[in-house]
Amino acid sequence: MRKLSLCPDAVAKIHGGEQAPCLKGSVKFYQLPEGVLVEAELTGLPSQPPSGFFAFHIHEKGDCSGEGFPNTGGHYDPESRPHPFHAGDLPPLLSCKGGAYLAVITGRFCVKDVIGRSVVIHAGPDDLHSRPAGNAGAKIGCGVICKT
């Protein structure tokens, strides 16, 4: 694994909607030889669900407009795979007093493939089996992935 540069290759600035108005943070994307390092750091997650887990996905479209973020499309899935094998299916966030940090390496996409798409935080956990998208609840946070 190479040493990380100080600058990510892309970033999504996350903001919350009506259900999570204090939600904010960033998701950074670093292209590595073996895949993409995705690093998320968020604050202001709501106290629900009781489990503290929130689904975390990359969606097809980079449009975070409108209440409930209705214009993000489905999960990013260029190979038409079943859930939870979409390229945009990421591990869940685990909240601790409203904050969450996650770092994961994925080989499901390259940074260049997700620029212009959106990162979406859902109100509940992804059950990892319901079709088409894991029964994760409402979209409570969103950010468009932009090249840095």
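For segment 115-148, the set of residues classified as open to solvent by 70 Å² or more (accessible area, probe 1.4 Å) and either without any contact (Cβ under 8 Å) to a residue 12 or more places away in the chain or of a type in the set (S, T, N, Q) (or both) consists of N135, T148, listed by residue number. Summed over segment 1-52, the residues that are under 13 Å from the mean Cα position of the chain (by Cα) and of a type outside the set (A, V, I, L, M) give a count of 10. With a requirement of 3 or more residues that are open to solvent by 20 Å² or more (accessible area, probe 1.4 Å) and in contact with a Leu (Cβ under 7 Å, 6 or more places away or on another chain), the strands (runs of 3 or more DSSP E) lying completely within segment 1-114 that satisfy it span 100-106.
Determine if segment 63-76 includes at least one residue that is touching an Asp or Glu at 6+ places or on another chain (Cβ under 7 Å), polar (S, T, N, Q) and at pLDDT below 95. Checking segment 63-76: not a single residue is touching an Asp or Glu at 6+ places or on another chain (Cβ under 7 Å), polar (S, T, N, Q) and at pLDDT below 95. Would you call C96 in contact (Cβ under 8 Å) with a residue 40 or more places away in the chain and closer than 22 Å to V11 by Cβ? Judged against the criteria, C96 is not a match.
For segment 90-131, a residue qualifies if it is more than 21 Å from G73 (Cα to Cα) and among the basic types (K, R), and exactly one does: K97.
The values are calculated or read from the model by the stated rules, or taken from the named source; none is laboratory data. Here the structure is a predicted model, which means the values were calculated and not measured. Note that each Cβ is placed from the backbone with ideal geometry, even for glycine, and that neighbours are counted across all protein chains shown. Note: accessible area is taken over every heavy atom of the protein model, side chains too, but ligands, DNA and RNA are not part of it. Shrake-Rupley method; radii C 1.70, N 1.55, O 1.52, S 1.80 Å.
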